[in-house]
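To keep things clear, I will list the structure first and then write my remarks on it.
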Amino acid sequence: MQITFDTYRQRLAPLLKHPKVAGLLRWWITELRSLLPAQWRSSSLDLSNSVVVQLSMQGVRVSRVDKGRLVEIGTLDFNSTGPSDQGAAFRHLLDGLSGNSDKVMIGLSDEFVLVKKMFLPLAVEENLENVLAFEIDRHTPFSSEQVYFDYRILHRDIQKNRMDLEIAVVPRETVDRLVGQLGSWGVTFGAVVMTEQEALRSDFNLLPRARRPRPAALLGQRNRSLMVLVVLLAVGALLLPVVIKREAVLQLAPVVERAKHAAEATDGLHRKLDEITAQHNLLLERKQNFPVIVALFDELTRVLPDDTWVQQFDLKGKELQIMGETGDSSKLIALMEQSKILHGANFRSPLTKAQNPSSERFHLGLEVKPLAVDVISAVQQQSSVQIKEQQDGETAKTMVKPQQAQTGQEKG
């Protein structure tokens with residue numbers, strides 16, 4: 001897992017060095033900080049209710065920070081206090097500040113600090129402290145080993161690819177002397193700042209970073225509170241869509257159930273309709289698949305020549321077999337192929353001589369084509385007409401014969 005994190009870090013490092021990406025991250029962090037409460041947006045150097053100690057050859061001046069102004073609250077005169085009593089007197093002075101002793105800072109006047117503006121490329125921001133350590137030799141009369149310094153970035157110009165910054169430099173000897181003096185009195189402190197008459201400059205902390213105290217417990221509590229808040233928000237962001245979808249599913253469940261029942265009812269109606277349609281088309285399909293005997297008789301009568309008669313007629317499914325005598329057997333197959341409902345004619349047995357020397361006995365096999373509904377209807381209608389005409393003719397003959405018999409009796 002560590003190898004994976006290192007790999008991602010190496011891949012992201014060049015991207016984070018890009019000026020536009022770095023500017024975007026800074027803007028994003030600034031916007032996020034603006035959403036926090038005002039008391040939480042403080043920098044690492046918290047100056048609220050702080051105490052500034054200014055040492056000089058004559059004594060010590062203790063001030064309280066009030067809206068960036070220094071309000072004097074007590075002094076310690078070295079001439080009136082012996083060296084052995086100075087530490088106890090100073091601690092007694094801090095104890096009377098009602099809890100401000102945990103935010104003690106050393107104040108330096110302008111005469112001890114050198115402030116200078118500089119311009120550097122944006123590319124050096126990642127390793128800015130080391131670069132400034134080399135630049136101090138060129139821009140100040142000191143070397144980097146002789147001073148403590150701090151900086152602040154005033155402006156980043158992406159178009160010109162440079163940044164404007166301000167650096168503050170103080171001799172190490174001055175800071176070490178003041179730090180040693182307060183340390184001998186048993187006082188802890190968190191910063192070395194600059195003072196201008198009655199005002200405090202909080203933009204620089206000239207105490208080396210390695211010697212600065214860790215963040216106070218309150219800051220840790222803030223971080224823990226923020227972490228808990230972030231975790232709760234993340235959990236809420238993950239669970240909220242699930243809860244919303246669950247509610248939507250519960251609301252849609254009755255609708256889906258009703259739609260399911262309606263779909264099942266519709267499927268049942270479709271099945272019933274298909275069954276009724278199949279039953280309705282059954283007779284039509286049978287009529288098409290199984291030809292009407294009358295239509296076959298009519299077709300054979302039309303196709304067969306006058307010197308041919310059928311002695312045996314056998315229909316099995318779509319296969320028709322006819323046996324009889326004909327005067328010219330060579331023309332039978334050609335005549336059958338001209339039929340609209342018969343095809344595939346072939347002799348099922350060899351031709352033999354009939355009793356009449358000019359005739360031959362034949363056994364012919366045929367396949368019946370399915371008939372269309374309109375053809376069947378036309379054949380049935382034609383057959384009905386023929387049967388009716390035949391019945392009408394027989395009725396007419398029956399009526400004529402009695403009249404003729406009666407006329408004969410009259411004549412006799």
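The values are calculated or read from the model by the stated rules, or taken from the named source; none is laboratory data. Keep in mind that what you see is a predicted model, and the values were worked out from it rather than measured. Every residue, glycine among them, receives a Cβ derived from its backbone with ideal geometry; neighbour counts consider all protein chains shown.
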Based on this model, can you work out whether G99 counts as surrounded by fewer than 12 Cβ atoms within 10 Å (Cβ to Cβ), modelled with pLDDT under 80 and under 28 Å from R172 (Cβ atoms)? no
I'd like to know if the stretch 130-151 contains one or more residues that are more than 21 Å from D110 (Cα to Cα), modelled with pLDDT under 85 and charged (D, E, K, R). no
Being touching a Lys or Arg at 6+ places or on another chain (Cβ under 7 Å) and not in a strand (DSSP E or B) narrows it down to one of E166, E145, E126, E111, so name that one. E126
Report yes if A263 is modelled with pLDDT of 90 or more, in a helix (DSSP H, G or I) and surrounded by 10 or more Cβ atoms within 10 Å (Cβ to Cβ), otherwise no. yes
Residue check, V255 against (1) closer than 30 Å to L32 by Cα; (2) surrounded by fewer than 10 Cβ atoms within 10 Å (Cβ to Cβ); (3) aliphatic (A, V, I, L, M), all met but one. Which one? (1)
Hey, can you tell me all the residues within the stretch 314-361 that are part of a loop (DSSP other than H, G, I, E, B), in contact with a helix residue (DSSP H, G or I) (Cβ under 8 Å, 6 or more places away or on another chain) and without any contact (Cβ under 8 Å) to a residue 40 or more places away in the chain? Q338, L351
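For the stretch 181-203, which residues satisfy the criterion of being in a loop (DSSP other than H, G, I, E, B) and in contact (Cβ under 8 Å) with a residue 60 or more places away in the chain?
W185, G186, V187, T188, F189, G190, E198, S202
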